[in-house]
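Student: This structure is in C-alpha cells; I'll ask about it shortly.
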Amino acid sequence: MESWNLLRKLRRLSIWPWLVSGDFNEILTQSEKEGGADRPLWQMRNFRQALLDCELTDLFLHGNQFTWCNRQESPATIRERIDRACADPSWNSIFPNAKCTSLASPYSDHDMLLVELEHRNHMFSPKNKQFRFEASWFKEPNCELKISDIWHSPSIRAGELNASNRLTEEATLEELESLLLSEEIYWKQRGKNHWLKEGDKNTKFFHTVANKRRHINHIRRIRGANGNWLEDPNDIQRWIENYFTDIFRSRNTSQEELNRGTAALSSKVSPEMAQDLIRPYTKEEVETALFQMAPFKSPGSDGMPPIFYHHFWHIVKFDVVNCVLDILNDCHLLPAINNTHIVLIPKCYNLENLTQFRPISLCNVVYKIASKIIANRLKRYLDQIISPTQSAFVPGRLITDNVLIAYELNHHLKTKTWGKTGHMMLKLDISKAYDKIEWSFLRVVLLKLGFPEQFVRLILLCVSSVSYSFIMSGSSFGTVTPQRGLRQGDPLSPYLFLLCTEAISSLLQGSEEKGHLKGVAICRRGLRISHLLFADDTLICCQGTETEATCIQQILDVYGRASGQEVNLQKSTVVFSKNVSTETRDSLANKLGIRWEDRHAKYLGLPAVVGKSRKEVFSNIRDKIWHKIQGWNERFLSQAGKEILIKAVVQAIPAYAMGCFKLPTTLVNDIQRMISDFWWHNRGSKKIHWVAWHKLCIRKEEGGMGFKDLKLSIVRC
C-alpha cells in the first residue's frame, strides 16, 4: 500500500502529463499470471484502484505478454506480467502512437521495456485518403442548401445513383471541407460510442476513445508468408492483398461434390413463402430498411454513413428509392454500388499473423438498403426453414438455449462412469467460415431448400458482383475480385450462412436416423442430441467408438469439399465421458486429427463446466468490467455521461452470464463496488459515496438513478 500511496501523492503534486514505467511487482488480473498459486484478489484490487486514482492506463504491450519468469523447470515454472508502462490521458494525447515492447534480457529474470514515442510505421502518409462525410457538417447553416444543389446538379446523369460520383468531385469536396467542424460530433463519429448522447459535451472523451481505437486497429507490423516480419507499409499492403486474393479464390467444386454435400437437404419453402419472397419490392420497404440502420455506422467506399441519408432523406429519397428498386425488381446492380472496403479488426492484442484479424466489410449504404430488405423478408420464415439445432439469428431462439444444453451435456460426460460404451463430444473451430463459402454451393443449397429461381438469382447477384479494396491508416489500396465468400458486414450474410449450415445439419440428422450416429441422451428415454450449432460454432455428440468417429470424419469431409469450409484441427477439441479409457481416447483423437481434453473450457463465451470454484470461473467478468472502466477517464465525463456508460455498457457485461448461471455473491459485490467507485470518483476530490448504492438503484421517479441492482438478479436465479 505504501507504493500505491506514494504514486497517488506524486499524482496530486503534478499537473503535467506523465508516464510511469517499470517493475510494479503486481498484476491486474489472474490472466497475467501463469503457474503457482492465484494472486489474492485484495492485492490486485489495491493496484487497480491506485491506477484508477492516478488516471493511469496501460500502454498496449507488444512481444512477450509475461515480463517476469522464475526460470524454474516445468511444472514449477511461474510467469507474470509485473512490468508495465502506464500513462495518463494527457500523455496519451501528446503521444498517441507510442508503442511499448517487451525485450528479453539475458542478465535478468525481468524483460526490458522499450517505449517508442513515434513508431516509424506511423510516419507513413496515405496516398489515397478516403473521403468521408462528417456528421459535424450538419452544424453549418448552408450545408443542406449545398447538398441539395450538388445532388440535383444537371452535370450528373439522372438515374445512375452513386453517392461518390455525386459528392466527391473536387469542387464539391472543397465546398464541403470548408464547412465549419463541430469538434464534438467529429470525434464522436470516430469514437464509435453511440451509447452517449450528442448533447453530453465530452469532446475530450470522444477524442481519447477515437485515439484508443486507432491505436488498437493500426497494423504496425505483421508476419509474411515465410514468417518474417513486415514493417514497411507498402510490404504490409502487398501481403494483405495477396493473402485475401488467395482466401477468396474458389476451389472449383465439382457437381458430384455439390450433390453429395447437399444430398440430405429437402424442400422447406412452401408455395406461400415463395410467392411472398418474389412479390415486387416497394418504396415503403426501402424507407423502413434505411431507418433501421444505426446512423453512425462506418461508411462504405462512397464515404456516406447512414446519417447522411437520414438527415437529407427529403433530398435524396427519389434517387435512392429508384436505385434500390432497380436492384431488387430488375436485378440491375451498378458495380460501383457493390464496391466494398475491408477493414481488419484485431481479435486479440498481441498480433502477429493476418489470421488474427477479422475482415469486416464496409458496404455502401445504398447496397445495404437492398440487402436489408431481402433479409427482412427472409428472416420471417427462418424458424420454419432452419433446423431447431441451429440457434443463431433465428427469431424466437436464444443463445442461452445452446449454452444450457451444452452445459448439461458436459456435466453428463463428466459424471458418466457406467456402461460399456462411452460418449464423446467434439467442439469444432471452422477456419474463415464466412470467407470460404463457395457460391456454387450456396446456389444449390437455396434451390434444394425450395427457394424460387428468381429469388436465388437476386441473392447471387448481391453476393457475386462484389469487388474489394482495403483500408489501412485511413487510405484505400488494392483491388480483389472474389470468387467465393460471404461478407461480414452485409445484412444478408448471417442468414445465408445459416442456410448453408443446413447442409451439415441434415447430413448429421440423416446419419442419426440411419443409426450410424447414436447421439447422447443425458437421462433414460431422454432426447438424443447429435449436434448443436450457433452460426459456425459446432458441437457434435456421439458414442465414443471408432465406427461413429469414422462417420463424423466422412460427414465433415463431404461437407467441406462441397461448401469450401475447413475445420481448424489445431483449435478443435474432443472430450470423452469418464468410462472411456485413455487408450481409446488417444486412438479416437488421432483418427479425428484433433486433440482430446478433460473438458471444454468455454462454449459461446461461457464456462462449459463450472465446478466448485464459481468465483474463479467467472472472475473474467470482473476483469472485463475493470478494463472497461480503466479505459474511461472520469474527468472527461459528466455525471450524465457516466450514467449512460454504467447502464448501457458496464451493467450489460454480466447480464449474459447471469441469464444462465447464478454468479457468486462476493463477485457481484466486487462488481457493484467498482461501479459505485466509478460513479462517485472525481479527480481532486475525495471519493465519498454520498448515497448508498441500493438507493441509486431506485427508479428515477422515486428519487434514485435507475441503476440495476445485480444482487436482485442472483435472488431470481
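FYI, it's all coordinate maths here, none of it is from the lab. As the structure is a prediction and not an experimental result, all values here were calculated from the model. Please note: Cβ atoms are built from the backbone with ideal geometry, for glycine as well, and neighbour counts cover all protein chains shown.
Student: Quickly work out the Asn322-to-Lys571 label distance, labels modelled 7 Å from Cα along the C-beta direction, and quote it in nm with one decimal.
Tutor: Going by the 7 Å Cα→Cβ label model, 4.7 nm.
Student: Let me ask you something else. How big is D, in µm² s⁻¹, for segment 614-716 by Stokes-Einstein at 10 °C and 1.306 mPa s if Rh is the Kirkwood radius over C-alpha pairs?
Tutor: Details: Rh = 14.3 Å.
D, rounded to a whole number, is 111 µm²/s.
Student: If you don't mind, another one. How about segment 420-519: which trypsin sites (Lys or Arg not before Pro) there are in a DSSP loop, with at most 12 other Cβ atoms within 10 Å of their Cβ?
Tutor: Lys420
Student: If you take every DSSP beta bridge whose two residues both sit in the chain, what share of them, in percent to the nearest 5, is antiparallel?
Tutor: 85
Student: Another one. Using modelled amide H (1.01 Å from N, peptide plane; none on Pro or chain starts), what sits under 5 Å from the amide H of Ile430, excluding residues fewer than 5 places away?
Tutor: Asn568
Student: Once R0 is set to 51 Å, what does the formula 1/(1 + (r/R0)^6) return for the Cβ-Cβ distance between Glu513 and Ser90, expressed as a FRET efficiency to the nearest 0.05?
Tutor: The formula returns an efficiency of 0.15 here.
Student: Sorting Cys523, Cys69, Cys542 on the 10 Å Cβ count, fewest up front, what's the list?
Tutor: Starting with the residue having the fewest Cβ neighbours, the order is Cys523, Cys69, Cys542.
Student: Could you put Tyr107, Tyr407 in order, starting from the residue whose Cβ has the fewest other Cβ atoms within 10 Å? Please list the in-between numbers first.
Tutor: On the way: Tyr107 6, Tyr407 18.
Ascending Cβ contact count within 10 Å gives the list Tyr107, Tyr407.
Student: While we're here: On a C-alpha basis, how far is the centre of segment 380-453 from the centre of segment 249-307 in Å? Whole number, if you could?
Tutor: About 20 Å separates the Cα centre of segment 380-453 from the one of segment 249-307.
Student: How large is the helix-only mean residue ellipticity at 222 nm for the chain, computed as the sum of -39500 (n - 2.57) over DSSP H runs with n ≥ 4, divided by its residue count, in deg cm²/dmol to the nearest 500? Numbers along the way, then the final one.
Tutor: Details: 29 runs with 305 residues, N = 717.
It lands at -12500 deg cm²/dmol.
Student: As a footprinting exposure proxy, order Arg39, Arg84 by other Cβ within 10 Å, with the fewest listed first.
Tutor: Starting with the residue having the fewest Cβ neighbours, the order is Arg39, Arg84.
Student: For the pair Asn142 and Arg251, how long in nm is the line joining their label points, each one 7 Å along Cα→Cβ?
Tutor: Inter-label distance under the simple model: 5.9 nm.
Student: Sorted by average packing, counted as other Cβ atoms within 10 angstrom per residue and highest first, what order do 332-342, 386-396 take? Don't skip to the end; give the middle numbers.
Tutor: Numbers: 332-342: 19.5, 386-396: 16.8.
The densest-packed peptide leads the list: 332-342, 386-396.
Student: Give me the one-decimal nm value for the distance between modelled label points at Ser267 and Val343, 7 Å along each residue's Cα-to-Cβ direction.
Tutor: Here the modelled spin labels are 4.5 nm apart.
Student: Give, in nm to one decimal, the length gained when the segment between Leu527 and Lys414 is fully stretched (0.36 nm per residue of separation minus the Cα-Cα distance).
Tutor: Gain on extension, Leu527 to Lys414, equals 38.8 nm.
Student: Right, something else. Roughly speaking, what is the stretch gain from Thr582 to Leu461, that is 0.36 nm per residue apart minus the C-alpha to C-alpha distance, in nm to one decimal?
Tutor: Stretched out fully, the Thr582 to Leu461 stretch lengthens by 38.4 nm.
Student: Moving to a separate point now. Pop the C-beta distance of Ser14 and Phe393 into the FRET formula with R0 = 60 Å and round what comes out to the nearest 0.05.
Tutor: Computed FRET efficiency for Ser14 and Phe393 comes out at 0.70.
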